[in-house]
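As structure tokens, the structure follows; a few thoughts come after it.
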């Protein structure tokens, strides 16, 4: 059988998940043509999947100069380098990918993974549910339900989104409101939705703009109590390109991140910290005050001021600006115990 046919057979095995057969085919081709970059890349992908990091890196280093425009190779090198604890080199590999393709989703996700080790945001949100066991839960921006599914009985949950497309089986008692959050809060009384119970946990992951996230927070706060916990998604920006207000990239957090320094500046009564959970961080707020009037009459001016906030100036000292704590559950529970009022 000629090498091209052997390669095609290997690719068919690879796509079908028959990795041993695929690997044998790739090795056969490389034995005859050791400089075949495409086959080397395919074999490197098998090594990556099997966590043979050094083997994968050796192959990727050989094939990358021959496939200079295949940006995913840089990201795959970053994956192997990071696993081998060569973090600086992994970051540099991601930067090279972005120099070729500024919209490389793989490179952005890899940068997030390198910079935010530990549990991802869904796992951390699930831990909040397990730890707090909230009687009531509000989620704004439910998308397919990957985060809403973290709510477990006996929690009573509501999900709010203009166009929800649930693809997950929900276990908690849940009501879905298919409308924008501003309209929901203008036309619904949460006290009646929850039979007089306040909101105990909320997750805000809506329009990816800080002013909408702020309005969602203030609306939730009206139905809260001091020990309520509100969690924001997309609160640790990766870079200016992906953290812009207008979407210019596949990986995108919007300017939601501005809500954290805004609340820390203008609502010093709140306890605010940020968890570096992949891919874009979680902001956590407690010590809420449903009767607060601190922003009354100033909200529009504050929003206008933060619209002009310069990204570079704002995140020069990211750890301090966002009050970042380790993405480690004991550290998170310690922060909650220290900051959150007890009933």
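The values are calculated or read from the model by the stated rules, or taken from the named source; none is laboratory data. What you see is a predicted model, and the numbers here were worked out from it, not measured in a lab. Here the Cβ positions follow ideal geometry from the backbone for every residue, glycine too, while neighbour counts run over all protein chains shown.
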| Test result for residue 18, closer than 30 Å to residue 92 by Cα and surrounded by fewer than 18 Cβ atoms within 10 Å (Cβ to Cβ) | no
Considering residues that are surrounded by 13 or more Cβ atoms within 10 Å (Cβ to Cβ) and part of a loop (DSSP other than H, G, I, E, B), the number found within the stretch 295-339 is 9
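Condition check ((1) over 21 Å from residue 227 (Cβ atoms); (2) buried (at least 22 other Cβ atoms within 10 Å of the Cβ)) across all residues:
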{"site": "83", "(1), (2)": "yes, no"}
{"site": "93", "(1), (2)": "yes, yes"}
{"site": "110", "(1), (2)": "yes, yes"}
{"site": "114", "(1), (2)": "yes, no"}
{"site": "120", "(1), (2)": "yes, no"}
{"site": "131", "(1), (2)": "no, no"}
{"site": "142", "(1), (2)": "yes, yes"}
{"site": "148", "(1), (2)": "yes, yes"}
{"site": "152", "(1), (2)": "no, no"}
Here, helices (runs of 4 or more DSSP H) confined to the stretch 1-66 with at least 1 residues that are within 32 Å of the chain's Cα centre (by Cα) and without any contact (Cβ under 8 Å) to a residue 12 or more places away in the chain are 3-15, 53-63
Being closer than 27 Å to residue 235 by Cβ and either under 18 Å from the mean Cα position of the chain (by Cα) or not assigned by TED's automatic domain parsing to the domain that holds residue 200 (or both) narrows 85, 112, 80 down to just 112
The residue from 222, 215, 298, 267 that alone is modelled with pLDDT under 95, at negative phi and more than 16 Å from the chain's Cα centre (by Cα) is 298
Counting only helices (runs of 4 or more DSSP H) entirely within the stretch 73-147, those with at least 3 residues that are touching a strand residue (DSSP E or B) at 6+ places or on another chain (Cβ under 9 Å) and within 27 Å of residue 334 (Cα to Cα) are 121-132
query: Taking the stated definitions as given, is residue 183 in a strand (DSSP E or B) and free of Cβ contacts under 8 Å to residues at least 60 places away in the same chain?
result: no
When the stretch 186-201 is checked residue by residue, the ones that are in contact with a strand residue (DSSP E or B) (Cβ under 9 Å, 6 or more places away or on another chain), outside any loop (DSSP other than H, G, I, E, B) and without any contact (Cβ under 8 Å) to a residue 40 or more places away in the chain are 193
Among (1) crowded, with 16+ Cβ neighbours inside 10 Å; (2) more than 22 Å from the chain's Cα centre (by Cα), residue 252 falls short only on (2)
